[in-house]
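Asker: Questions regarding the structure given below will be posed in turn.
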Amino acid sequence: MAILKIRFSRVCVFLVLCLLVIHVVRLVILKPQRIPRDQSDDADFLLLSGHHAAGRDAVKSPFESEEPECSTGPRIHRLQEWCRPRKKPVKLTMVTWRNLYVDHEHELLFCEVPKAGASTLKKLLIQAAPLFLPNSSVPRNIHRSLEKFNITHPKQSIDALQPILRKYFKFVVVRHPITRLLSAYKDKFYDTTFLPKISRHIVKNYRQKHKNAERDSSLHPQRPTWVEFADFVGTEYSNVSERHWKTVMELCSPCLIGYDAILKLETLERDVPVVIKHISQHKMVISHENESRGVEGKDSQSYLRELSQSVIEKLQNVYRHDLDLFGYRFNESAIPDCYDDRCIC
C-alpha cells in the first residue's frame, strides 16, 4: 500500500512538472508580436492628418481601439443625451435643406456650417469624387462646383431622405460660435461691403451707442466695427436671416438628423480621418487653408476682449444651445475656452 502511495505521488509531481514546461514553452515560442507603431493605423492617421511621426504622442488616432479623450464618440453621446428630453422639430426647415449635401458615391450626408471649415470639407469631397481627374486642380469656386462632381442637395422630400438618414454616414463640422462669428465679420465686413444693406443698418443704429472719440475719425462711414457688429447680432439675431452667423441648431437640425460624427474645426486634422475612411483608401493630407483677414498682428483674443459684458451675455443667449450642445463655453475672462488651436472635447 505504501509503495502505491509513493508511485502515485511521483506521478503527480511528474504531471505538475510537465504542465509547467508546457506553459513556459507557450510563453517563449507563441508570444504575440507587437505591431510596430509605424505600421499601425496610428501611422496611417498621422499621414492622413498631415502630422509627422515625431508628433505622434501628441495625437491619438480615432482608429485605435481605446476611445480617444476628445473623439467624435463622446460628442455624439452628448448630442443624444441633450436631444432626448427636448421636443424634436416635426420637419426639416428650408434653412436645413439648403445646407445638406449628399455624396451618393460614398454614401455620405454632410451639413455645411459657414465659417467652420466648409470649404475644406467640400474640397475633400471633390477630390474623392470619381469624376475628379488625377493631378487636376480643384475649381476656384468650390461652392458652385459640387454639382459637377455629383455632390448635391438632397431632394426636398422626407420620404426620399429617410433611406439616406438610415444608411448614409452623416457628419457636421462645428466651431466655437463666437470665433465663428468673428470669422464671419472679418470675411463679410472688415474690408468689404459684401452685405451693404446690413452694414448701413449697423452703422446707423449702433455707432452712436459705441461712440469713441479717439477712434471715430478713422472709422469707415459704411462699415461696422467688430463691436458694433457683435452687438447687432446679439440684439437683432431673430430679425436678420443670414446663414454665416446662424446657429448650428438652425442650420443643421442635429436633433432631427441624428449625425454619426461631429467634427470640430479646432481639431479638424485629428477628427477628419473618421470621414476620410468612408471616401478613400488613399492617404490624404487635410489642412485648413482659408486666409483669416483682420488687423495685422491682432489675434482672436484681442478682438474678443473688446466686447463688453453686456454684448457677451447677448451672444451667449443667442448661441446658448450651440455652446451647450457642442461643449463650448467661456472662461472667467469672457474669452472662449476653444479658439485658434485649442479646444475642449
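The values are calculated or read from the model by the stated rules, or taken from the named source; none is laboratory data. Quick caveat: nothing in here was measured; it's all calculated off a predicted structure. Every residue, glycine as well, gets a Cβ built from its backbone with ideal geometry; the counts of neighbours run over all protein chains shown.
Asker: Look through Leu256, Leu182, Leu263 and report the one residue that is touching a Phe, Trp or Tyr at 6+ places or on another chain (Cβ under 7 Å) and assigned by TED's automatic domain parsing to the domain that holds Ile76. Show your work before the answer.
Answerer: Working: Leu256 fails: touching a Phe, Trp or Tyr at 6+ places or on another chain (Cβ under 7 Å); Leu182 fails: assigned by TED's automatic domain parsing to the domain that holds Ile76.
Going through Leu256, Leu182, Leu263 in turn, the sole match is Leu263.
Asker: Filter the stretch 256-274 down to the residues that are in a loop (DSSP other than H, G, I, E, B) and buried (at least 21 other Cβ atoms within 10 Å of the Cβ), then identify the one that is modelled with the highest pLDDT. Steps first, please.
Answerer: Narrowing the stretch 256-274 to residues in a loop (DSSP other than H, G, I, E, B): 258-260, 272.
If we keep only those that are buried (at least 21 other Cβ atoms within 10 Å of the Cβ) too, we end up with 259, 272.
Details: Tyr259: 94, Val272: 88.
Per the criteria, the residue is Tyr259.
Table: residues versus (1) farther than 21 Å from Glu306 by Cα; (2) in contact with a Leu (Cβ under 6 Å, 6 or more places away or on another chain); (3) in a helix (DSSP H, G or I).
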position	(1), (2), (3)
Ala160	yes, no, yes
Ser183	no, no, yes
Arg200	yes, no, yes
Gln208	no, no, no
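Asker: Also, quick follow-up: Check the stretch 275-294 and report whether any residue there is over 30 Å from Phe132 (Cα atoms) and either of a type in the set (D, E, K, R) or at pLDDT below 95 (or both). Outline the logic, then answer.
Answerer: Initial filter on the stretch 275-294 (over 30 Å from Phe132 (Cα atoms)): 293-294.
With either of a type in the set (D, E, K, R) or at pLDDT below 95 (or both) added as a condition, the list becomes 293-294.
Yes, because at least one residue in the stretch 275-294 is over 30 Å from Phe132 (Cα atoms) and either of a type in the set (D, E, K, R) or at pLDDT below 95 (or both).
Asker: Restricting the search to the stretch 144-169, which residues are loosely packed, with under 12 Cβ neighbours inside 10 Å and either of a type in the set (Phe, Trp, Tyr) or out of contact with any Lys or Arg (no Cβ under 7 Å at 6 or more places or on another chain) (or both)? Full working, then the answer.
Answerer: Kept after step one, since they are loosely packed, with under 12 Cβ neighbours inside 10 Å, are these residues of the stretch 144-169: 144, 147, 157-160, 162-163, 166-167.
Of everything in the stretch 144-169, those that are loosely packed, with under 12 Cβ neighbours inside 10 Å and either of a type in the set (Phe, Trp, Tyr) or out of contact with any Lys or Arg (no Cβ under 7 Å at 6 or more places or on another chain) (or both) turn out to be Arg144, Glu147, Ser157, Asp159, Ala160, Gln162, Pro163, Arg166, Lys167.
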